[in-house]
Amino acid sequence: MNVTMTVNGQEVTRDVEPRMLLVHFLRDTLDLTGTHWGCDTSNCGACVVHLDGKAVKSCTVLAVMCDGHRVDTVESLEKDGELDPIQQGFHEQHALQCGFCTPGMIMTTRALLNENPNPTDEEIRIAISGGICRCTGYKNIVSAVRWAAEHERAGQEG
Amino acid sequence: MQTPASFEYERATSLDGAIAALNERGANARVIAGGHSLLPMMKLRLASPEHLVDINDLAELAYIREEGDEVRIGALTRHVDLLRSDLLAERFPVFRDAENVIADPVVRNRGTLGGSLCQADAAEDLSAVCSALKAKVVIRGSGGERVVGMDKFHIGPYMTAVGSGEILTEVRIGVRPGAGSAHEKVERRAGDWAIAAASAAVWIEGNAIADAGVALAAVGLTTIHLDRAEELLRGKPPSDEVFDQVATIASEDCTPMPDGRGPVDYKRHLAGVLAKRALQRATSRALHQEA
């Protein structure tokens, strides 16, 4: 069936099977491979994207359920060659090793900072509790989010 | 790659339309809301509906409000909204206790109250919460609405009183004076299903427990409502002594299975400990003694 949704600000229409999961729609149909496909069971959080601004696990959402809605992926963050503060924070604080969990971690914490620009370490840890980093680099991920929060607030005040 | 078997998909634009679609398609049609139980079941072929009716657009089913002497919660209310509701935290803090430990924040953005109850997984927390609170659910079909108590709602593992062509639309919880409630859960790791969990509610009048509800999750084939504990508690002043007796009842009346989460003896013991802790906290809250 035909679905039309706004992905990263652009309206797209595709003919898909109802059983196609959003993660495969993004990766295989739209070629947006930034979103990673991990456990397939909503446990690992590698596939997190934003659906109408809320973080969701795209392995457990059907593409057809997004018809008429807005989806944003990790590819939407960089603007005019400028990294999002969270992406920059992951770079500055060495918050990735293998990088598999990174897109999901970034989209999860982007949603956190959109709601709460100044989270505590505890709040950051709770926010990423649905994401698994098998390199176990959680400490640096928390540092990266804190870095992003501080720079984002400084940028807005400046 | 895990992908569900083929099915037809339909987006409901009204509650009546959703019910009509379910009736038209018969027993092989299912409602999908958050999808965080149904889609994993479909991927594993534990469920293979031929027709899905998506109710996510029915915003009229997402609300938490107090009406008269009841708090009414729409079936499409997401976990995140149950967690954040100040009305629920004030009236029935057991919801916030449970929601803090249900899955993770990203899953909680999607999963719904109605979906959790209708999944009828014995390990699911909100079923124990609603059982302890003696909630009633509203089930609507083409012939109108009926109201069913939580004690009659779960009729077996993954089986509920919701029939073919029907939708659970609302959960109602009576507001009575002297209420306190709490949920206690032990899990292997953050966001996991419970090894065991206990929900407790008490309604205290004067020095005595006028009414109580205690329910257990993950230690039987269905959510376990401890009727014997309720009878024991009614009319008695709250005390650790009587809560110890409830703990014994909880250990005796649950029917856990041995698995990777632990052996039977351990789970029985844990069910008792958690039932007592939940009652202690519920009572402290009812008496406004909790810091």
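Read the figures in this text as sums done on the coordinates, not as results from a lab. All values reported here derive from a predicted model rather than from experimental measurement. With ideal geometry, Cβ positions are generated from the backbone for all residues, glycine too; neighbour counts draw on all protein chains shown.
Label-to-label distance for residue A:92 and residue B:189 is 3.1 nm, based on points extended 7 Å past Cα in the beta-carbon direction. In order along the range B:253-270, phi translates into HN-Hα couplings of 8, 8, 9, x, 10, x, 7, x, 8, x, x, 4, 4, 4, 5, 4, 4, 4 Hz, rounded to whole numbers, per the Karplus curve 6.51 cos²θ - 1.76 cosθ + 1.60 with θ = phi - 60° and x for Gly and Pro. Counting, for every residue in B:34-41, the Cβ atoms of other protein chains within 10 Å of its Cβ and taking the mean gives 4.
For helix A:102-115, what angle does its Cα long axis make with the longest principal axis of chain A, in degrees from 0 to 90 and rounded to 10? The answer is roughly 70 degrees. Each principal axis of the Cα atoms in the range B:8-54 has its own extent, and those three values, largest first, are 30, 20, 13 angstrom.
Find the relative contact order for chain B and round it to a whole percent, using C-alpha pairs within less than 8 Å whose residues are 6+ positions apart.
Numbers: 681 pairs, mean separation 46.1, N = 291.
So the answer I get is 16 percent.
Normalising the average separation of contacting C-alpha pairs (under 8 angstrom, six or more residues apart) by the number of residues puts the relative contact order of the range B:167-236 at 23 percent. With chain A treated as a Gaussian network of Cα nodes joined by springs under 10 Å, which of A:94, A:36, A:50 yields the largest mean-square fluctuation? Comparing A:94, A:36, A:50 in a Gaussian network model of chain A, the most mobile one is A:94. The modelled label-to-label distance for the pair residue B:244/residue B:290, using points 7 Å beyond Cα in the direction of Cβ, is 2.4 nm.
Ranking B:258, B:179, B:242 by Cα position along the charge dipole of the range B:179-286, where only Lys, Arg, Asp and Glu carry charges on their C-beta atoms, puts B:258 farthest toward the positive end.
Residues of B:54-64, mean number of Cβ from any other protein chain within 10 Å of their own Cβ, rounded to a whole number?
On the way: counts 5, 0, 4, 3, 0, 0, 0, 0, 0, 0, 0.
That average works out to 1.
Taking the three principal axes of the alpha carbon atoms in chain B, the coordinate ranges are 57, 46, 31 Å, sorted in descending order.
The protection proxy used here, the mean number of other Cβ atoms lying within 10 Å of each residue, ranks peptides B:183-192, B:60-69, A:54-63 as follows, highest first: A:54-63, B:183-192, B:60-69.
Between rounded, prolate and oblate, where does chain A land on the alpha carbon gyration tensor, with a ≥ b ≥ c its root eigenvalues, rounded for a/c under 1.5, else prolate if a/b exceeds b/c? Could the numbers behind the result be given before it?
Working: a/c = 2.11, a/b = 1.57, b/c = 1.34.
It is prolate, given that a/c is not under 1.5 and a/b is the larger ratio.
The mean number of Cβ atoms from other chains found within 10 Å of a Cβ in peptide A:40-51 is 3, as a whole number. For chain A, adding -39500 (n - 2.57) for each run of n ≥ 4 DSSP H residues and dividing by the number of residues yields -9500 deg cm²/dmol at 222 nm.
Annotation: amide H of residue B:236 within the under-5 Å range of B:209, sequence separation 5 or more or interchain, hydrogens built in the peptide plane.
Could you work out the Rg to Rh ratio of the protein assembly as shown, with Rh taken as the Kirkwood radius (inverse of the mean 1/r over all Cα pairs)?
Details: Rg = 22.7 Å, Rh = 23.0 Å.
With Rh from the inverse mean 1/r over Cα pairs, Rg/Rh is 0.99.
Placing +1 on the Cβ of each Lys and Arg and -1 on the Cβ of each Asp and Glu in chain B, which of B:208, B:197, B:153 has its Cα farthest towards the positive end of the resulting dipole? Final value for the positive-end residue is B:197. Computed across the range B:51-205, the Kirkwood hydrodynamic radius from all distinct Cα-Cα pairs reaches 15.7 Å.
Using θ = phi - 60° in the Karplus curve 6.51 cos²θ - 1.76 cosθ + 1.60, the 3J(HN,Hα) couplings for the range B:274-287 round to 6, 4, 5, 4, 5, 5, 4, 5, 4, 5, 4, 5, 4, 8 Hz; x is entered for Gly and Pro.
Distance between the 7 Å Cα→Cβ label points at residue B:208 and residue B:63: 3.9 nm. Near the amide H of residue A:39, within less than 5 Å, lie the amide hydrogens of A:44, A:45, A:46, all on another chain or at least 5 residues away, with H placed in the peptide plane.
Straight-distance candidates among the lysines for linking to residue B:185, with alpha-carbon spacing under 16 Å and chain neighbours fewer than 8 residues away dropped: B:267, B:276. Per residue, the average separation of C-alpha pairs within less than 8 Å and at least 6 apart gives the range B:179-286 a relative contact order of 33 percent.
3J(HN,Hα) along the range B:215-231, derived from phi through the Karplus expression 6.51 cos²θ - 1.76 cosθ + 1.60 where θ = phi - 60°, amounts to 9, 10, 10, 6, 10, x, 6, 9, 4, 10, 8, 8, 4, 5, 5, 4, 4 Hz, with x in place of Gly and Pro. The P(r) of the range A:85-157 has a tail past 14 Å containing 51 percent of all C-alpha pairs. Can you work out the PRE-style zone for residue B:228? Point 7 Å along Cα to Cβ, and I want the residues of the range B:196-216 with backbone N under 19 Å. In the range B:196-216, the label zone of residue B:228 (backbone N under 19 Å from the point 7 Å along Cα→Cβ) covers B:197-201, B:212-216.
In this structure the amide hydrogen of residue B:205, modeled in the peptide plane, comes within under 5 Å of the amide hydrogens of B:210, none closer than 5 places in sequence on its chain.
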